[in-house]
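As structure tokens, the structure follows; a few thoughts come after it.
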Amino acid sequence: MMNKHIFYPAILFAVLLFSSSALAQTTVKGHVVNERGETVEYVSIGIEDDSVGVISDAQGRFLLVIPAGRNENLSFSHVSYQTANVPYQTYGHASELTVTLKDKVVELDEVEISKKSKPHTLSGKSWVRFGVVAYIGSISEYSEWGPIFSNKKDYVLSDILFTVNECRYEQCTLSFNVYEIHGQEFVNVLNKPIYQVVSSADNGKMLGVTPEESIILKGKQEYCICLSVVDTKGEGAIYFPANFKSSYARNSVKGKRRKMPACPAILVKGYEMANLE
């Protein structure tokens, strides 16, 4: 009898505590558009330097559950637009948000490629392969992962190559980002997103993506090129060859990055820039 009097109140207390915590959560849903009212796909949404985050879908829709006691700004970022910050006073009391992202004002650098230039391998050459890495299941926690590299000369990025060991999704969308590394700060140098749709028809193939813009990779500057899965159809997984290579991984949309000794095999190619002096 004594055990019952101790056991049941403990369960009741745990249930009440869980219920109170669940009720205190903030659920934010909405739609992301640009200044022309057009949908913005695959927007990173979350609290900076935290594990709270999600990515909008291909129609710009999102649903994010924020733990109790959090009232920081909600950040919306996409390579083609200026980052927008929505205060708690707005998202915490809205039934549904419509967030408008402003276009970036971009000044493009003049690019001239050496007439004798051929594509050079900038990263990925002579790696030691040890197995595979995978993204598995529905994409509830988004992550990106890729190699760190630098070169002595200036190059224009031409291609990002990768191999699909096996895709078990009906279809999935990969996204690539190119970051300049400045200490603890990562600066995305893209102005247009890079996506690639993959299915089981690509199993065993090396695929390539080409930026729609001229991306200059500066000499002696450290870079990280990351791959992530931003959308899937059906349950499944996608597997990539894995190699020993210094890399960075980010476990969630706005979370902190971790340095890793291995990563998905990504081959980076570029043209040497002409010397204008």
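Some observations on this one:
- Test: Ile215 is under 16 Å from the mean Cα position of the chain (by Cα) and farther than 21 Å from Ser44 by Cα: no
- Among all residues of the stretch 172-179, there is none that is open to solvent by 60 Å² or more (accessible area, probe 1.4 Å) and not aliphatic (A, V, I, L, M).
- Looking only at the stretch 69-84, residues that are more than 26 Å from Thr173 (Cβ to Cβ) and either in a strand (DSSP E or B) or not small (Gly, Ala, Ser) (or both) come to 4 in all.
- Test result for Thr98, under 17 Å from Asn34 (Cβ atoms), part of a strand (DSSP E or B) and more than 20 Å from the chain's Cα centre (by Cα): yes
- Pick from the stretch 126-157, criterion of a type in the set (Val, Ile, Thr) and either open to solvent by less than 30 Å² (accessible area, probe 1.4 Å) or within 19 Å of the chain's Cα centre (by Cα) (or both), ranking: modelled with the lowest pLDDT: Ile139
- Selection of first residues in the stretch 178-203 that are within 24 Å of Pro241 (Cα to Cα) and of second residues that are small (Gly, Ala, Ser) and open to solvent by less than 40 Å² (accessible area, probe 1.4 Å), restricted to Cβ pairs under 7 Å at least 6 apart or on distinct chains, gives the following pairs, ordered by first then second residue: Pro193/Ser80; Pro193/Ser175; Ile194/Ser175; Tyr195/Ser175.
- The selection criterion, being closer than 20 Å to Ser80 by Cβ, open to solvent by 40 Å² or more (accessible area, probe 1.4 Å), modelled with pLDDT of 95 or more and not polar (S, T, N, Q), holds for Val197.
The values are calculated or read from the model by the stated rules, or taken from the named source; none is laboratory data. As the structure is a prediction and not an experimental result, all values here were calculated from the model. Every residue, glycine as well, gets a Cβ built from its backbone with ideal geometry; the counts of neighbours run over all protein chains shown. Quick note on the areas: whole protein, heavy atoms, side chains included, nothing else; ligands and nucleic acids left out. Shrake-Rupley method; radii C 1.70, N 1.55, O 1.52, S 1.80 Å.
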